[in-house]
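To keep things clear, I will list the structure first and then write my remarks on it.
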Number of protein chains: 2
Amino acid sequence: MSLVDLSKQVALGIDIGGTNTKFGLVNHRGEILVKGSIPTDEFDTPEAFIEALYQKIQPLADEYCEGKEFEGIGVGAPNANYYTGTIEQAPNLPWKGVIQFADLMTEKFGKPCKMTNDANAAALGEMMYGAARGMKDFIMITLGTGVGSGIIAGGHLIYGHDGFAGELGHTIVKPGGRKHWSTGSEGSLEAYASATGISITARKMRAEFPDSMLNQYPEEEIDSKTVFECAKKGDPTAIEVFRYTGQKLGEALANFVMFSSPEAILLFGGVIKAGDFILKPAKLHMERNLLPIFRNKVKLVFSELDEADAAILGASALVWEK
Amino acid sequence: MSLVDLSKQVALGIDIGGTNTKFGLVNHRGEILVKGSIPTDEFDTPEAFIEALYQKIQPLADEYCEGKEFEGIGVGAPNANYYTGTIEQAPNLPWKGVIQFADLMTEKFGKPCKMTNDANAAALGEMMYGAARGMKDFIMITLGTGVGSGIIAGGHLIYGHDGFAGELGHTIVKPGGRKHWSTGSEGSLEAYASATGISITARKMRAEFPDSMLNQYPEEEIDSKTVFECAKKGDPTAIEVFRYTGQKLGEALANFVMFSSPEAILLFGGVIKAGDFILKPAKLHMERNLLPIFRNKVKLVFSELDEADAAILGASALVWEK
């Protein structure tokens with residue numbers, strides 16, 4: 001009989017973004033032994049990109065995995081497919097078409113490689129190391145430039161039949177509503193609850209209320225950070241921007257709850273810096289739209305993971321996922 | 001080593017409705033060996049109801065299970081909780097509060113008993129014996145007096161943390177829309193796509209169009225059957241009733257697809273008799289609201305199970321579920 005010494009296992013977590021790619025070697029407790037990054041957009045081919053990753057990571061792996069076991073690689077990337085290990089038509093990456101990314105990684109590093117999109121990876125990270133430890137049913141919503149999501153049901157990430165499940169940012173919360181700048185859909189959650197959506201709402205509302213403090217800023221500074229500053233100073237228009245955003249988010253969350261009845265919804269990303277300005281109306285409108293059987297049961301909480309490391313941790317969690 | 005002879009196993013499937021309760025002894029292939037029913041609403045207590053079930057079923061079980069193995073009991077019932085085996089505050093059953101139904105059944109029949117709501121049971125039935133055989137990711141939508149749903153992801157029914165997942169009929173498709181006659185929510189899918197919702201739509205539309213054939217019927221006959229008759233005869237208002245219903249259904253389905261990315265959506269229940277009058281607009285508006293990555297992938301199909309037997313088959317499938 002051979003016992004596996006979990007404390008000696010190390011996973012490589014990689015988070016591929018449009019501009020930068022971050023990586024880290026992570027142990028079973030979610031401690032990052034070493035981390036680093038390379039630019040994504042300087043490499044014309046995935047092969048060149050992977051070669052650069054290898055040159056940077058392999059010496060670190062040799063150093064930090066001494067006496068330990070380098071178990072495998074987990075990658076979070078836009079449009080990554082869990083089942084096929086491919087990145088498919090990712091609009092914000094330099095490489096087009098369908099890329100056999102996991103196979104290329106395994107060939108180069110000699111380790112198994114699993115992939116999923118960044119929000120799914122974040123959900124796994126929360127389950128493994130964060131606020132969702134011990135939970136079997138929860139939904140992770142990432143509120144950043146866009147709105148992403150990862151859904152855990154019965155202890156497993158929902159991948160769907162094609163690996164692309166969990167695009168909750170693109171569900172429609174207001175039919176015929178605000179047109180999405182990139183997908184063209186009308187009234188999606190992302191069009192309202194992303195940082196981009198908040199900027200649009202703020203620009204509309206400040207035009208309606210000339211007295212608003214928001215009018216003291218040039219157009220390009222009207223973002224969720226500025227709205228937060230004004231809200232903190234008590235500007236009613238800025239507060240209303242977040243209230244409206246929270247309402248749309250809460251209405252969407254109610255629908256999600258009636259789908260998978262999660263124990264908790266975890267919110268993550270830059271937008272949650274607005275805190276109670278968004279959380280309170282979101283909670284109110286979520287509860288208001290729920291069937292009584294679901295009311296006052298679902299925890300609506302902020303992520304516990306450090307934002308800078310969450311993507312690496314989440315990607316590394318793919319390696320431990322069984 | 002002992003091999004289990006599946007062909008000899010028999011499950012008791014029970015479907016509890018507000019008025020009648022149907023039951024059947026079912027084998028592994030989904031063949032109903034014998035079936036029957038008792039009234040639900042004539043029994044003041046669950047104990048009296050279960051005693052009556054036992055008196056009716058046990059002699060049949062003795063006869064039809066001879067030389068076979070009576071494996072267990074599956075029950076589909078409104079507000080049934082899979083985890084606790086309870087029926088909780090079911091509005092249309094005569095017994096109030098929280099009833100330890102599965103325990104009472106096991107005590108009486110001496111067999112294990114599993115429960116879930118009727119739509120979840122129907123989804124299991126489709127996976128075991130119906131149109132979803134071999135599928136690991138699909139959504140079942142029951143369009144009857146109400147709108148129910150059962151969601152299968154990764155080969156498993158989604159129960160949620162409390163056992164109540166999959167109330168898709170109560171998700172909001174039109175915020176601030178039609179008020180639901182019983183829940184009070186505004187703009188839920190059930191308010192539009194149930195038989196009740198179709199009647200409401202038909203009454204509104206025939207008032208707007210005095211020339212409609214629908215105006216030849218008394219108020220109480222304005223139901224989805226009458227609308228179907230008029231639509232078949234080419235009445236534009238009746239056709240519009242179904243088109244509008246299909247649109248609302250399709251918009252909701254798009255959101256469901258972006259949640260769990262199913263291989264198929266199965267539609268079931270009385271409303272689907274309207275056929276293409278509903279299916280075509282539903283498909284159109286589902287596709288229109290999907291992200292490109294999900295388009296032209298999801299099969300939208302009608303259930304293959306006989307409606308009269310589907311509930312019994314679905315309940316029996318709980319026994320085989322691992």
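The values are calculated or read from the model by the stated rules, or taken from the named source; none is laboratory data. Please read all numbers here as calculations on a predicted model, not as lab measurements. Note that each Cβ is placed from the backbone with ideal geometry, even for glycine, and that neighbours are counted across all protein chains shown. Ligands, DNA and RNA are excluded from the accessible area calculation, which covers all protein heavy atoms including side chains. Shrake-Rupley method; radii C 1.70, N 1.55, O 1.52, S 1.80 Å.
Rolling a 1.4 Å probe over the protein heavy atoms gives the range B:29-158 an accessible area of 42 Å² per residue.
Here the convex hull built on the C-alpha positions of the range B:268-322 has a volume of 112 cubic angstrom per residue.
For chain A, the membrane-span-like helices by this rule, meaning whole DSSP H stretches whose C-alpha atoms cover at least 27 Å of axis and whose Kyte-Doolittle mean is -1.0 or above, are A:236-260; this says nothing about an actual membrane.
Distances between every pair of Cα atoms in the range A:134-303, grouped in 5 Å steps from 0 to the bin holding the largest one, split as 2, 9, 18, 21, 20, 15, 8, 5, 2, 1, 0 percent. With 26 Å as the limit on Cα-Cα distance, the pairs of A:Lys179/A:Lys299; B:Lys111/B:Lys136; B:Lys179/B:Lys225; B:Lys204/B:Lys283 that go past it are A:Lys179/A:Lys299; B:Lys111/B:Lys136. Counting only Cα atoms, the range B:220-269 measures 38, 19, 19 Å along its principal axes, largest extent leading.
What residue among B:Gly163, B:Gly30, B:Gly134 shows peak mean-square fluctuation when chain B is described by a Gaussian network model with Cα springs under 10 Å? Highest fluctuation of the listed residues: B:Gly134. Each copy carries a label point for A:Phe302 at 7 Å from Cα along the beta-carbon vector; from one copy to the others these points are 5.3 nm apart, nearest first. Each part gets one Cα centre, and for the range B:272-322 versus the range A:252-292 those centres are 29 Å apart. Reported value for chain A: 147 Å³ per residue, from the convex hull of its C-alpha atoms.
Taking A:Asn81, A:Asn27, A:Asn296 in turn, the Gaussian network model of chain A (Cα-Cα springs below 10 Å) assigns the largest fluctuation to A:Asn296. Shape class for the range A:16-107, computed from the alpha carbon gyration tensor (a ≥ b ≥ c): prolate, with a/c not under 1.5 and a/b above b/c.
For the range B:134-303, with all protein chains in place and a probe radius of 1.4 Å, 54% of the accessible heavy-atom surface sits on carbon or sulfur. In this structure, A:Lys233 and A:Lys56 have a Cβ-Cβ separation that, at R0 = 41 Å, corresponds to a calculated FRET efficiency of about 0.40.
Along each principal axis, taking the top coordinate minus the bottom one, the Cα set of the range A:108-203 gives 47, 34, 25 Å in descending order.
The tail of the calculated P(r) for the range A:64-117, taken as Cα-Cα distances beyond 18 Å, holds 35 percent of the pairs. In whole angstrom, the range A:139-193 maps to an equivalent ellipsoid with semi-axes of 23, 11, 9, each derived as √(5λ) from the alpha carbon gyration tensor and ordered largest first. Between B:Val98 and residues 5 or more places away or on another chain, which pairs have amide H atoms under 5 Å apart, with H built 1.01 Å from N, and which residues are they? Residues meeting the amide H criterion: B:Gln89. In this structure the amide hydrogen of B:Val34, modeled in the peptide plane, comes within under 5 Å of the amide hydrogens of B:Leu25, none closer than 5 places in sequence on its chain.
For the range A:64-103, GluC sites (Glu not before Pro) meeting the loop criterion (DSSP other than H, G, I, E, B) and having at most 14 other Cβ atoms within 10 Å: A:Glu66. How many percent of DSSP beta bridges within the protein assembly as shown run antiparallel, rounded to 5? Taking every DSSP beta bridge with both residues in the protein assembly as shown, the antiparallel ones total about 60 percent. Qualifying chymotrypsin sites (Phe, Trp or Tyr not before Pro) in the range B:50-109, where qualification requires a DSSP coil assignment and no more than 13 other C-beta atoms within 10 Å, comprise B:Tyr83. According to the calculation over all Cα-Cα pairs in the range B:244-290, the P(r) per 5 Å bin from zero is 6, 23, 32, 25, 12, 2 %. Between A and B, buried accessible area from a 1.4 angstrom probe totals roughly 3000 Å², ignoring ligands, DNA and RNA. Compactness check for the range A:221-306: Cα Rg over 2.2 N^0.38 Å is 1.13. Total lysine pairs in the range A:1-76 at Cα distances under 19 Å, for residues eight or more apart or on different chains: 6. When B:Glu186 is represented by a point 7 angstrom out along its Cα-to-C-beta vector, the spacings to that point in the other copies are 2.0 nm, nearest first. Dividing the summed -39500 (n - 2.57) terms of all DSSP H runs of n ≥ 4 by the residue count of chain A sets its mean residue ellipticity at 222 nm at -12000 deg cm²/dmol.
Going from the isolated chain to the complete set of protein chains, the range A:170-218 loses at least 10 Å² of heavy-atom accessible area (1.4 Å probe) at A:His170, A:Thr171, A:Ile172, A:Val173, A:Pro175, A:Thr183. Of the residues in the range A:250-279, those shielded by at least 30 Å² of accessible area once partner protein chains are present, compared with the chain alone at a 1.4 Å probe, are A:Asn255, A:Met258, A:Phe259, A:Ser261.
Among beta bridges from DSSP that stay inside the range A:134-303, the antiparallel ones total about 55%.
In sequence order, the range B:157-170 has phi-based couplings of 5, 7, 9, x, 5, 10, x, 10, 4, x, 9, 5, x, 9 Hz under the Karplus curve 6.51 cos²θ - 1.76 cosθ + 1.60, θ = phi - 60°, and Gly or Pro positions carry x. Restricting to DSSP loop positions (anything but H, G, I, E, B) with no more than 15 other Cβ atoms inside 10 Å of their own Cβ, which trypsin sites (Lys or Arg not before Pro) remain in the range A:238-307? Counting only loop positions with at most 15 other Cβ atoms within 10 Å, the trypsin sites (Lys or Arg not before Pro) in the range A:238-307 are A:Arg295.
Placing a label point 7 Å from Cα along the Cα-to-Cβ direction at A:Gly67 gives distances to the equivalent points in the other copies of 7.0 nm, listed shortest first.
The alpha-carbon atoms of the protein assembly as shown define a convex hull whose volume equals 178 cubic angstrom per residue.
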